[in-house]
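*Asks:* This is the structure, below, for whatever I ask next.
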């Protein structure tokens, strides 16, 4: 396994494991078909992430990403937390194996989704949630599988990525 | 670091006596080309023939029916493509199952691109192919049936004897991929009614990179690799004699020790299964009786397999999550989906494959780590309802 030392450390002793009761925001992403699911719950005070916890079903990288993204977001303002990208999470982890980069997407997605959920709840039903630039908010990938190499969206039955040609399933 | 190896399905350690035979060969000869006409060639031929005899005895074949190859994958490619090409004029239809190893399924996919048609048999919840399904799938243009002997992910042993009977009655060539089973359970090519059988030395304590294809006399088949006249014109190129020496020794040991080995492996398996029964929400995959003696596949609900495997590796316990050849794939195993597991359950599967040098004490040690690992990862999982 070619995981970095930082990945292994977060995998071995993940930070912020669990689920906040009565959270201010909740973000759920992934599905078991692709092999990963992640739930992030946040507690917000004065537009700042006061507490954050995660639960993850997934590979070693997915667990390390969850731990890292919660560490990075803790104590940050919501605006700052929305600037955490999958790329910055992967960098903080000292890199991820190529076919595991999609796990870092999941982490940032779950965080952004939890924040969006907070805004939606706060502004109440009938009101449009605060709009974000596409780069900032990428929580729309839920329930879909993506190529682990180039991140192109894939149909469930795909054996090969139609964009980069890498094999997805071996059968 | 001291470690415990429970991944024999990915490759067995070299038996000390096999290693000894290989070293002896290097020291005494080591480089003679068996096709040479001088004394070194003669010595190499004798070595080759000894090994061939031992491999033949392991499966009750004749020595001249054994072709040495570079391993299981080459043997399988040779069997399938060799028959497909030799019989192309008679027909282009092939029957297989949906739990085959990639070296079968991807070879067939390549043939499909070339105009061949493939019918794939389903399996039941234990992973068993129904021979009557195979009979129904036979067409006038069916030239080959290829069904594996024992599955490499769940251990289930297929009814090869009955399928072979059907194939013989209908004059269709029958190949079985016996890579996972050969050397581990008794095999008699005549009882199994097979025309072709693939095997690999590294599954029975021989070296990696060497295997064999059994080709019943008079079977119409083309070589996969063309060139010289080696291996009865079926496999060109100077033989990997060092590997073959190891394979021959491993085959004779496997044949001689098989009853004791099986007894030992079954003891380990039963002991492990009893312990496994004490953990909640575990599903054991494969047939309860008709199964490889040393292999246990089980799905741990609410957690993912790779994270368990890495955590076990951290503590010095080597297991796998699926076929080593498919470890690059991130999708759930096709075998587990074929036997009806849902995706989340299939993703949480571990494969423990025991070997003849493993002990009960090792299982005790590993089980403590396994229990901790499952508890730890379930605690992180959003799917696990905390009790």
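*Asks:* When the residues of the stretch B:198-225 are filtered to those that are closer than 17 Å to residue B:188 by Cα and in a loop (DSSP other than H, G, I, E, B), which remaining residue is nearest to the chain's Cα centre (by Cα)?
*Replies:* B:204
*Asks:* Between B:99, B:154, which is in contact (Cβ under 8 Å) with a residue 24 or more places away in the chain, within 14 Å of another protein chain (Cβ to nearest Cβ) and part of a loop (DSSP other than H, G, I, E, B)?
*Replies:* That would be B:99, the only listed residue that is in contact (Cβ under 8 Å) with a residue 24 or more places away in the chain, within 14 Å of another protein chain (Cβ to nearest Cβ) and part of a loop (DSSP other than H, G, I, E, B).
*Asks:* Can you name the residue in the stretch B:365-387 that is in contact (Cβ under 8 Å) with a residue 12 or more places away in the chain and away from chain A (no Cβ under 14 Å) and is also surrounded by the most Cβ atoms within 10 Å (Cβ to Cβ) among such residues?
*Replies:* Top of the filtered list is B:370.
*Asks:* Let me ask something additional. Do we find a residue being surrounded by fewer than 19 Cβ atoms within 10 Å (Cβ to Cβ), more than 14 Å from every other protein chain (Cβ to nearest Cβ) and within 22 Å of residue A:7 (Cα to Cα) anywhere in the stretch A:67-74? Break it down into steps so the answer makes sense when it comes.
*Replies:* Of all residues in the stretch A:67-74, those surrounded by fewer than 19 Cβ atoms within 10 Å (Cβ to Cβ) come to A:71, A:74.
Within this subset, residues satisfying the condition of being more than 14 Å from every other protein chain (Cβ to nearest Cβ) are A:71, A:74.
Cutting the leftovers down to within 22 Å of residue A:7 (Cα to Cα) gives us A:71, A:74.
Taking every residue of the stretch A:67-74 in turn, at least one turns out to be surrounded by fewer than 19 Cβ atoms within 10 Å (Cβ to Cβ), more than 14 Å from every other protein chain (Cβ to nearest Cβ) and within 22 Å of residue A:7 (Cα to Cα).
*Asks:* I've got another one for you. Select, from A:29, A:69, A:89, the only residue that is farther than 21 Å from residue B:379 by Cα and touching a residue at least 24 places away in the same chain (Cβ under 8 Å).
*Replies:* Just one listed residue meets the conditions, A:89.
*Asks:* Can you work out which of the residues in the stretch A:26-57 that are assigned to a loop (DSSP other than H, G, I, E, B) and at pLDDT below 90 is farthest from the other protein chains (Cβ to nearest Cβ)? Before you say what the answer is, go through the steps one by one.
*Replies:* To start, the set of residues in the stretch A:26-57 that are assigned to a loop (DSSP other than H, G, I, E, B) comprises A:32-35, A:46-47.
In the following step, the residues that additionally are at pLDDT below 90 were identified as A:32-35.
Working: A:32: 3, A:33: 5, A:34: 7, A:35: 5 Å.
In this case the residue turns out to be A:34.
*Asks:* Looking only at the stretch B:304-320, count how many residues are assigned to a loop (DSSP other than H, G, I, E, B), more than 8 Å from every other protein chain (Cβ to nearest Cβ) and either surrounded by fewer than 22 Cβ atoms within 10 Å (Cβ to Cβ) or modelled with pLDDT under 95 (or both).
*Replies:* 2
*Asks:* Touching a strand residue (DSSP E or B) at 6+ places or on another chain (Cβ under 9 Å) and assigned to a strand (DSSP E or B): is that true of residue A:21 in this structure?
*Replies:* When the stated conditions are applied, residue A:21 does not pass them.
*Asks:* Just the residues that are surrounded by fewer than 16 Cβ atoms within 10 Å (Cβ to Cβ) and within 23 Å of residue B:213 (Cα to Cα), please, taken from the stretch B:28-40.
*Replies:* B:33, B:35, listed by residue number.
The values are calculated or read from the model by the stated rules, or taken from the named source; none is laboratory data. These numbers come from a predicted model, not from an experiment. Counting neighbours? That spans all protein chains shown, and the Cβs are built from the backbone with ideal geometry, glycine included.
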